[in-house]
Amino acid sequence: MEEFIEYIAKHLVNNPDQVRVDKHDDDEGRERYLLYVTPPDRGKIIGRQGRTIKSFRVLVGAVAARQGRRVSFDIVDDAPPSDIDGERGDSNHDS
């Protein structure tokens with residue numbers, strides 16, 4: 001799912017090398033994904049009147065439901081815990 005979210009986001013923004021997705025599991029068994037993009041690209045992910053983000057969430061929800069999973073994701077304003085300059089460390093983002 002992390003790769004799916006990242007794939008879609010990278011095709012929507014002007015700075016695809018700056019896109020990051022981190023996964024966190026909550027207490028209710030839901031997978032929560034945090035999507036990090038640059039501030040100028042945030043508007044591209046949200047879209048006019050939120051249409052793009054709504055569609056994005058519908059797609060993610062449909063894929064998750066098909067796999068029997070419960071997921072949510074949010075766009076985060078701050079820089080991710082790892083660097084955002086194109087270098088990606090370990091691909092294991094579970095906490």
With 10 angstrom as the radius, rank 11, 24 by how many other C-beta atoms surround their C-beta, starting from the fewest.
11, 24
Please list, by residue number, everything in segment 5-42 whose backbone N is under 16 Å from a paramagnetic label point 7 Å out along Cα→Cβ of residue 74.
21-37
Compute the signed sum of charges (Lys and Arg +1, Asp and Glu -1) over the other residues within less than 14 Å, Cβ to Cβ, of residue 51.
+4
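Could you please report the charge total around residue 65, scoring K, R as +1 and D, E as -1 over all other residues with beta-carbon less than 15 angstrom from its beta-carbon?
With Lys, Arg at +1 and Asp, Glu at -1, the net is +4.
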So what are the ³J(HN,Hα) numbers for segment 44-59, from phi and the Karplus equation (6.51, -1.76, 1.60; θ = phi - 60°), rounded to whole Hz, Gly and Pro as x?
5, 5, 6, x, 5, 6, x, 5, 5, 5, 4, 5, 4, 5, 4, 4
What list do you get for 58, 13 if you sort them by fewest beta carbons within 10 Å?
58, 13
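Using the count of nearby Cβ atoms within 10 Å as a rough guide to exposure, how do 36, 7 rank from fewest to most?
By the 10 Å Cβ count, ascending: 7, 36.
Values in this text are rule-based calculations from the coordinates and carry no lab data. It should be emphasised that the depicted structure is a prediction, and the values quoted were computed from it without experimental measurement. We place every Cβ from the backbone using ideal geometry, glycine too, and count neighbours over all the protein chains shown.
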